[in-house]
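Everything on this sheet refers to the single structure shown next.
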Amino acid sequence: MMRNLFVMGLAAAAVMLSGVTAQAAEPKRLLSEKEWEAFRVDDDKGRTCFISSLPTKSVGKYDPKNRGEARVFVSHGPGKVERNVVQFTAGYKHKKHSDVKVNIDGKKFTLFTIEGRAYAESEEDDIAMIRAMKRGSKMTVVGTSSRGTKTTDTYSLSGFTKAKGVIDKNCK
C-alpha cells in the first residue's frame with residue numbers, strides 16, 4: 001500500500017518535471033550526465049531524489065502529436081521508506097490490464113500499468129532492474145496504448161550509474 005501511494009506521488013513529480021506547474025517545490029538539478037539527469041526536491045513531505053532519461057528512439061504507428069512525453073525515473077523518498085523505485089511514463093494511457101515489457105541487454109522484466117505509467121511488482125524487481133541498468137548499455141520498453149498501438153522506446157543507459165550514485169548520496 002505504501003509503495004502504491006509513493007508511486008502516485010512520483011507521478012506528480014514527473015508532471016512537475018515535464019513543465020506543468022503545480023504548487024510544489026521546484027526540482028533542483030544535481031547532475032546531467034550523458035543521457036541521464038539527477039534531481040532533488042525538498043518540500044514539507046521531506047526530500048525526494050530521482051534520476052530521469054528520455055528515449056533515444058521511439059517506434060510505433062502513432063501520430064507524434066498525439067503522444068505525450070515518454071520517460072524513465074528511478075527515485076528515493078520522500079524519507080527513507082521508499083528507495084529505488086523504477087517508473088516509466090508512456091506519453092499515453094496504457095491498454096487496461098496490459099503489461100509493459102522491459103529488456104535490458106537481454107534481461108527481461110514485466111511491469112504492471114496504471115493509466116500511462118508502468119511499475120515493477122516488487123522492491124526486489126526494482127533492485128534487479130537497477131542492477132541490470134548499471135551493467136547494461138541499452139534498454140527497450142514495449143507497451144500498448146488504450147487504442148491498441150504498440151510502442152517501443154529505446155533508452156541509452158550511458159550515464160545511469162553516475163546519476164544513480166548522485167541520488168544515493170543526496171537522499172540517504
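The values are calculated or read from the model by the stated rules, or taken from the named source; none is laboratory data. What you are looking at is a predicted structure, and each value in this text was computed from that prediction instead of being measured. Virtual Cβ from ideal backbone geometry, glycine too; neighbours counted across all protein chains shown.
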Among the numbered criteria (1) within 24 Å of PRO27 (Cβ to Cβ); (2) over 14 Å from the mean Cα position of the chain (by Cα); (3) crowded, with 20+ Cβ neighbours inside 10 Å, which one does TYR155 miss? (2)
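Restricting attention to the range 113-122, does a residue exist that is in contact with a His (Cβ under 6 Å, 6 or more places away or on another chain), modelled with pLDDT of 95 or more and either more than 15 Å from THR144 (Cβ to Cβ) or not acidic (Asp, Glu) (or both)?
Looking only at the range 113-122, we keep the residues that are in contact with a His (Cβ under 6 Å, 6 or more places away or on another chain), and these are 113.
Of the ones still in play, those that are also modelled with pLDDT of 95 or more are 113.
So of that shortlist, the ones also either more than 15 Å from THR144 (Cβ to Cβ) or not acidic (Asp, Glu) (or both) come out as 113.
Checking the range 113-122: at least one residue is in contact with a His (Cβ under 6 Å, 6 or more places away or on another chain), modelled with pLDDT of 95 or more and either more than 15 Å from THR144 (Cβ to Cβ) or not acidic (Asp, Glu) (or both).
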What are the residue pairs meeting all of these: first residue in the range 37-48, first residue farther than 24 Å from SER156 by Cα, second residue among the basic types (Lys, Arg), Cβ atoms under 9 Å, and 6 or more apart or on different chains? VAL41/LYS28; VAL41/ARG47; ASP42/LYS28; GLY46/LYS80; ARG47/ARG40
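Every residue in the range 83-109 that is touching an Asp or Glu at 6+ places or on another chain (Cβ under 9 Å), closer than 17 Å to ALA120 by Cβ and not aromatic (Phe, Trp, Tyr), please. Break it down stepwise before answering.
From the range 83-109, those touching an Asp or Glu at 6+ places or on another chain (Cβ under 9 Å) are 83-86, 88-91, 93-94, 109; that's our starting set.
Going one step further and asking which of them are closer than 17 Å to ALA120 by Cβ, we end up with 83-86, 88-90, 94, 109.
ARG83, ASN84, VAL85, VAL86, THR89, ALA90, HIS94 - these are the residues of the range 83-109 that are touching an Asp or Glu at 6+ places or on another chain (Cβ under 9 Å), closer than 17 Å to ALA120 by Cβ and not aromatic (Phe, Trp, Tyr).
Would you point out which residue out of ALA90, ALA118 is touching a Leu at 6+ places or on another chain (Cβ under 7 Å) and either β-branched (Val, Ile, Thr) or surrounded by 20 or more Cβ atoms within 10 Å (Cβ to Cβ) (or both)?
Details: ALA90 fails: touching a Leu at 6+ places or on another chain (Cβ under 7 Å).
None of the others qualify; the one that does is ALA118.
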Exactly one of these conditions fails for VAL142: (1) surrounded by fewer than 18 Cβ atoms within 10 Å (Cβ to Cβ); (2) closer than 23 Å to THR48 by Cα. Give me its number. (2)
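Could you tell me which residue of the range 1-57 is nearest to the chain's Cα centre (by Cα), considering only residues that are among the basic types (Lys, Arg) and modelled with pLDDT under 95? So that I can check it myself, show each step before the final result.
Start the filter on the range 1-57 by keeping residues that are among the basic types (Lys, Arg), which leaves 3, 28-29, 34, 40, 45, 47, 57.
Of the ones still in play, those that are also modelled with pLDDT under 95 are 3, 45, 47.
On the way: ARG3: 15, LYS45: 20, ARG47: 18 Å.
If we take residues in the range 1-57 being among the basic types (Lys, Arg) and modelled with pLDDT under 95, then ARG3 is nearest to the chain's Cα centre (by Cα).
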Test ALA118 against the criterion of being more than 29 Å from ASP42 (Cβ to Cβ) and not hydroxyl-bearing (Ser, Thr, Tyr), and give yes or no. no
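Taking into account only those residues within the range 108-127 that are hydroxyl-bearing (Ser, Thr, Tyr) and without any contact (Cβ under 8 Å) to a residue 60 or more places away in the chain, which is farthest from LYS96 (Cα to Cα)? First the steps, then the outcome.
Going residue by residue through the range 108-127, those that are hydroxyl-bearing (Ser, Thr, Tyr) are 110, 113, 119, 122.
From the residues that got through so far, the ones that are without any contact (Cβ under 8 Å) to a residue 60 or more places away in the chain too are 110, 113, 122.
On the way: THR110: 15, THR113: 8, SER122: 20 Å.
Here the answer is SER122.
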Any residue in the range 54-77 that is surrounded by 13 or more Cβ atoms within 10 Å (Cβ to Cβ) and outside any strand (DSSP E or B) sitting within a Cβ distance under 6 Å of a residue that is modelled with pLDDT under 95 and among the basic types (Lys, Arg)? List the pairs, counting only those 6 or more apart or interchain. GLY77/ARG47
